[in-house]
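Visitor: Structure provided below as structure tokens; questions to follow.
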Amino acid sequence: MEFSEVAGELLLVAPGDFVRARTAKQREVRGTDRALATRIGGLRKPAPAAWIVDLLAHDGALDDAIDLGPALREAQAAADPHEIGRLRGQRAALVRALTADGAERAEAAGHHASPAVLDQVAATIEAAMMDPHAGAAVRSGLLVRPLESVGFDAVDLDGALADPDAVPEAWSGSDAPPVPISSARSRRRRGTPDGGSGAETTRASRAARRSGAAATAEHAEAGPSRQELRAAETDARRTSRAADAALDAAESALQDLDDERAGLEERRTALQRELREVEQRITALDDDRESAEQRRDEAEAASDRARRGLDEARERLRSVHRP
């Protein structure tokens, strides 16, 4: 059993039942695969919007929307206003329909989706259409947090998947435009982001630093830089994830206590039932003993009468034989 398969099943469970289902699955596999059980125990509870997107992805409902992405990106690259307008209209219609579909699926599973959650669902679908890596992440059904597309930047997928290794197409490696996964990984190992020689890379890095320094000096008085804002957003995201992890741990501990209490309740019920049966048996035995005592008394009286009769018979016999 692969972790990605187990995660894919658990991420479809309604948020209110997720911790219970995760704990049950972890206990189920603990006896045969402790490593898998440990990974299952560390699986994060998906955010409500991510759960709804996973529901849609499970049935392939997002395929048409994601498949529209390449055409949109091509039209934007070609700066074709007519085609961009037409495709954006299709995108808006698809996103509306899919968001409504997701809301209905959530209601059917007993979970009401708020307008804020549905906005995140729509933003995640749009991100999947604009970034091929985000599209792969969404299509996998392993999403644990919603996504967002900001301008022309690559969609941030850090911590978005339950099992990143199961979706290599979702790895982008940098904020650069998406590139083939194998090429990106190869360049990352060589330490040359653009695939060029080391000298070219060094020159490019120096130029970028000079450009960045100039931009920083120019906008120093204009407020926080984009880099600072992104760093603050990253810190906030990490804090949120840490809080989510703490919540999951607390819910898991609470579930363990509830399970133990339920087990003790069952045992108490069984013992109470056994006690009632014992008390009923004692009562029945008391009744039987009373009846037995009555029969004994009657038998004893009959025995006394018989013994007196025997004594009388013997006495008469002796009187007959006396001289």
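Coordinate-derived values only; no laboratory data. What you see is a predicted model; the values in this text were computed from it and never measured. With ideal geometry, Cβ positions are generated from the backbone for all residues, glycine too; neighbour counts draw on all protein chains shown.
Visitor: Within 13 Å, Cβ to Cβ, of residue 284, how many net charges do the neighbouring residues add up to if Lys/Arg are +1 and Asp/Glu are -1?
Guide: On the way: positive: 276, 281, 289; negative: 277, 279, 286, 287, 288, 290.
After counting each charged neighbour, the total is -3.
Visitor: Additional query: Could you pull out every residue, at least 5 positions away or on a different chain, whose amide H is within less than 5 Å of the one on residue 161? Hs are placed 1.01 Å off N in the peptide plane, and Pro or chain starts have none.
Guide: 144
Visitor: Now for a different question. Once amide H atoms are placed 1.01 Å from N in the peptide plane, what residues at a sequence separation of 5 or more from residue 225, or on another chain, have their amide H within under 5 Å of its amide H?
Guide: Residues meeting the amide H criterion: none.
Visitor: Also: List the pair-distance distribution P(r) of the range 20-78, using every Cα-Cα distance, as the percent of pairs falling in each 5 Å bin from 0 up to the bin containing the longest distance, rounded to whole percents.
Guide: 4, 16, 14, 12, 13, 14, 9, 7, 6, 4, 2, 0
Visitor: Let me ask something else. Percent relative contact order of the range 112-164, based on C-alpha pairs within less than 8 angstrom and at least six residues apart?
Guide: 33
Visitor: If one computes P(r) from the Cα atoms of the range 46-179, what percent of pairs lie at distances over 24 Å? Please list the in-between numbers first.
Guide: On the way: 2232 of 8911 pairs.
Beyond 24 Å sits 25 percent of the P(r) for the range 46-179.
Visitor: If you scale each eigenvalue of the Cα gyration tensor by 5 and take the root, what three semi-axes come out for the range 57-126, rounded to whole angstrom and sorted largest first?
Guide: Whole-Å semi-axes of the equivalent ellipsoid: 27, 12, 8.
Visitor: For residue 165 and residue 107, calculate 0.36 nm times their separation in residues minus their Cα-Cα distance, and state this gained length in nm to one decimal. Don't jump to the answer; show the numbers that get you there.
Guide: Working: separation 58, 0.36 × 58 = 20.88 nm, distance 3.16 nm.
Extra length from residue 165 to residue 107 when fully extended: 17.7 nm.
Visitor: Same structure, new question: Quick one: which residues, 5+ away or cross-chain, put their amide H under 5 Å from the amide H of residue 47? H built at 1.01 Å from N.
Guide: Here the answer is 145, since their amide H atoms fall under 5 Å of that of residue 47.
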